[in-house]
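One structure is given here, and the rest of the page talks about it.
Only the coordinates and a few stated rules stand behind these numbers; no lab work does. Predicted, not measured: the structure shown is a model, and the values here were computed from it. Note: ideal-geometry Cβ built from the backbone for every residue, glycine included; neighbour counts use all protein chains shown.
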Amino acid sequence: MHPETVKYFLAVEDGQPSLEKSAFAVIPVPYEKTVSYGGGTKKGPQAILDASPQVELWDEETETEPWKHGIHTLPAINCKGRAAIVFARIEKFVENYISLNNPFPFYLGGEHSVSQALIAPYIRKYGKELSVLHFDAHADLRNEYFGDPRSHACAVYPCSRTNRLVQVGIRSVGSEERQNINAGNVRTFLRHEHRDIKRLIPQVLKSLTGTVYMTLDVDGFDPSIVPGTGTPQPDGFMWHEALAIFKAVVAAKRIVAVDLVETAPMKGNNITEFNMAKLMYRLMGYLSLKQ
């Protein structure tokens, strides 16, 4: 199948089921305004959709076929306009989405700043019961970056002011945000201090509340797994390490949504978009095991 024809996740031959008959929804959020090094995150959602037909429908780890539960891809959220307008548009969409009996959402960014608008409606719905699992190379805890509070470098700062934030994979912290790690509502597991995944997982589970929103920046992975991202950092999680954490969290907690951000396609290298399509399908497999 030619990539330009891929309009929905996996693009199975029978066509996608209706939203009402689906267990999962894929929602592209192709926003990009504040990237500080490599660009291209606005192309990330479509690149992942384009790669998704190459993912095998039978998932070998979970021994499930999540597509049979129904996966519906919605049109991309309109991300054109000033940041304040776009963020308000995203929040309104999410509020409407979660007010209805809609399937489990996977939001595809776009730069990480969109998580501010995506998470806010869930905080309003679940209050203090909601915690956020933040998978990333960067702390993203600046209150503003170059005067912009909606920067990708501030992605999880707003939610950390009100709700529990649990960070894993962190290996890049700015001097102006270091006072925010392991302070207040924030529990930060710095990568160099927590290399033993079997010991890390129980600590992560203990730190989270019962209801969890997962925000996954692809640079949480090692660049060998995810080379296509704007600000890669060495010494990230390998594939099996990250998946072990995600599997444990999904099994133990009530997950309400996942966002997957910061895929920046590279010309001549489609490793990142394929791996992220496979990651999303694997997460659907983990969630399917609970149904």
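Antiparallel beta bridges, as assigned by DSSP with both residues in the chain, represent about 10 percent of the total such bridges. Extension gain, VAL256 to MET238: 0.36 nm times the residue separation minus the Cα-Cα distance gives 4.0 nm.
A Gaussian network model of the chain, with springs between Cα atoms under 10 Å, assigns the largest mean-square fluctuation among ASN180, ASN101, ASN143 to ASN101. Converting the Cα gyration tensor eigenvalues of the range 134-291 into ellipsoid dimensions via √(5λ) gives semi-axes, longest first, of 22, 21, 15 Å. A cut-off under 15 angstrom between Cβ atoms defines the neighbours of LEU100, and their net charge, with Lys, Arg +1 and Asp, Glu -1, is +1. Note on TRP239, TRP67: ascending count of other Cβ atoms within 10 Å places them as TRP239, TRP67, the fewest first.
Modelled label positions at LEU289 and GLU13, each set 7 Å beyond Cα in the direction of Cβ, lie 3.1 nm from each other. A Stokes-Einstein calculation at 37 °C with viscosity 0.692 mPa s, built on the Kirkwood radius of the chain over Cα pairs, returns a diffusion coefficient of 175 µm²/s.
Modelled spin labels at ARG178 and GLU20, positioned 7 Å past Cα toward Cβ, are 5.7 nm from each other. Taking a straight Cα-Cα cut-off under 20 Å and skipping sequence neighbours fewer than 8 places away in the same chain, the lysines within cross-link reach of LYS43 are LYS7, LYS33, LYS80, LYS267, LYS278. Normalising the Debye intensity of the range 190-263 to I(0), with uniform scatterers on Cα atoms only, and taking log10 at q = 0.12, 0.14, 0.15, 0.25 Å⁻¹ returns -0.34, -0.46, -0.53, -1.26.
Pairs over the 18 Å Cα-Cα cut-off, from the set LYS128/LYS253; LYS21/LYS68; LYS125/LYS206: LYS125/LYS206. Summing +1 for each Lys or Arg and -1 for each Asp or Glu, what net charge is found among the other residues whose Cβ lies under 10 Å from the Cβ of LYS33? It works out to a net charge of 0.
Amide H to amide H distances under 5 Å link GLY230 with ALA264, where only residues 5 or more positions off or on other chains count and H is placed in the peptide plane.
Annotation for the range 257-277 versus the range 15-66: alpha-carbon center distance of 9 Å. Placing a pseudo-label 7 Å from each Cα along the Cα-to-Cβ vector at LEU74 and LYS92 gives an inter-label distance of 1.4 nm. Look at the Cα gyration tensor of the range 222-278: its axes a ≥ b ≥ c give a/c of at least 1.5 with a/b over b/c, and that counts as prolate.
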